[in-house]
Amino acid sequence: MTHYVLPAPIQAAAPVEGASALFPVRRILCVGRNYAAHRREMGGDDRDPPFFFMKPADALVPPGLPVPYPSQTHNLHHEIELVAALGGDGADLSTEEALSLVWGYAVGVDLTRRDLQNAAKEKGQPWEAAKAFDASAPIGLIRPVDRSGHPQGRISLSVNGQVRQQGLVSDMIWSVAEVIAQASRLWRLEAGDLIFTGTPEGVGPLVTGDRVEGMVEDVGEVAFTVG
Ligand code: MN
């Protein structure tokens with residue numbers, strides 16, 4: 001048995017629909033600008049290749065918990081995203097192989113300190129402070145892929161009952177299969193990895209007290225209160 005000089009960190013995990021066993025989370029990969037209209041609202045070009053950033057596994061906020069308004073920002077933004085939960089390992093995958101790694105899907109929100117992200121972009125600095133902060137990844141239940149299928153339908157987010165983001169998963173520039181295949185060329189993917197697959201247009205600010213509710217057709221919901 002391995003012994004540690006400190007208590008080992010608690011394994012990050014996400015709840016699974018209809019099961020008491022949890023999905024153990026290894027790391028969180030995120031895709032930037034994967035819907036054309038959002039790419040344009042962020043000042044990008046439709047021909048840009050996809051790019052990735054990461055959040056730590058313990059940035060996850062499971063269903064039912066509030067999300068504290070983070071420090072060091074005055075412009076916290078919501079980004080509703082389809083999340084692929086991987087149950088297999090692989091590197092250098094083809095798009096055909098890639099989908100076989102998907103264990104299930106969930107709905108997540110890629111919370112962003114937009115003011116810090118804009119400052120980082122201006123200075124050519126990394127995005128960790130803007131994207132990878134504590135509690136930056138609220139998520140709903142993971143639905144196993146045999147029940148969800150590979151979703152193509154509606155994705156939306158409302159704040160206090162007002163719709164802010166609305167789109168179709170099928171409008172992604174790079175499909176889930178292509179995202180997984182491309183990520184697998186950069187890193188060996190492993191069971192427990194989550195991939196946030198990008199957000200449609202309509203990102204915007206949240207304030208303390210806001211009620212955020214998001215959905216992806218055939219997958220489920222995510223809901224939380226800020227603060
Ligand atoms: Mn995002």
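Values for this structure:
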read-out	value
Flag if Tyr4 is touching a helix residue (DSSP H, G or I) at 6+ places or on another chain (Cβ under 6 Å) and either under 25 Å from Gly167 (Cα atoms) or surrounded by fewer than 12 Cβ atoms within 10 Å (Cβ to Cβ) (or both)	no
Restricting the range 82-141 to residues that are β-branched (Val, Ile, Thr) and under 19 Å from Arg26 (Cβ atoms), the residue that is surrounded by the fewest Cβ atoms within 10 Å (Cβ to Cβ)	Val102
Subset of the range 13-47 [surrounded by 10 or more Cβ atoms within 10 Å (Cβ to Cβ), under 21 Å from Val145 (Cα atoms) and either at pLDDT below 95 or among the aliphatic types (A, V, I, L, M) (or both)]	Ala13, Ala14, Val16, Ala19, Leu22, Val25, Ile28, Leu29, Val31
Whichever residue in the range 174-209 is hydroxyl-bearing (Ser, Thr, Tyr), in contact with a helix residue (DSSP H, G or I) (Cβ under 9 Å, 6 or more places away or on another chain) and assigned to a loop (DSSP other than H, G, I, E, B) and, among such residues, is surrounded by the most Cβ atoms within 10 Å (Cβ to Cβ)	Thr199
Which listed residue, of Ser184, Ser158, Ser136, is more than 16 Å from the ligand (Cβ to nearest atom), within 25 Å of Ala223 (Cβ to Cβ) and polar (S, T, N, Q)	Ser158
Answer from Pro62, Pro70, Pro24 - the residue that is closer than 26 Å to Glu213 by Cβ, away from the ligand (no atom under 16 Å from the Cβ) and either in contact (Cβ under 8 Å) with a residue 24 or more places away in the chain or in contact with a strand residue (DSSP E or B) (Cβ under 7 Å, 6 or more places away or on another chain) (or both)	Pro62
Residue within the range 74-88 that is closer than 21 Å to Pro126 by Cβ, within 16 Å of the ligand (Cβ to nearest atom) and in a helix (DSSP H, G or I) present	no
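The values are calculated or read from the model by the stated rules, or taken from the named source; none is laboratory data. Bear in mind that the values here come from a model prediction, so they are computed numbers and not experimental data. We place every Cβ from the backbone using ideal geometry, glycine too, and count neighbours over all the protein chains shown.
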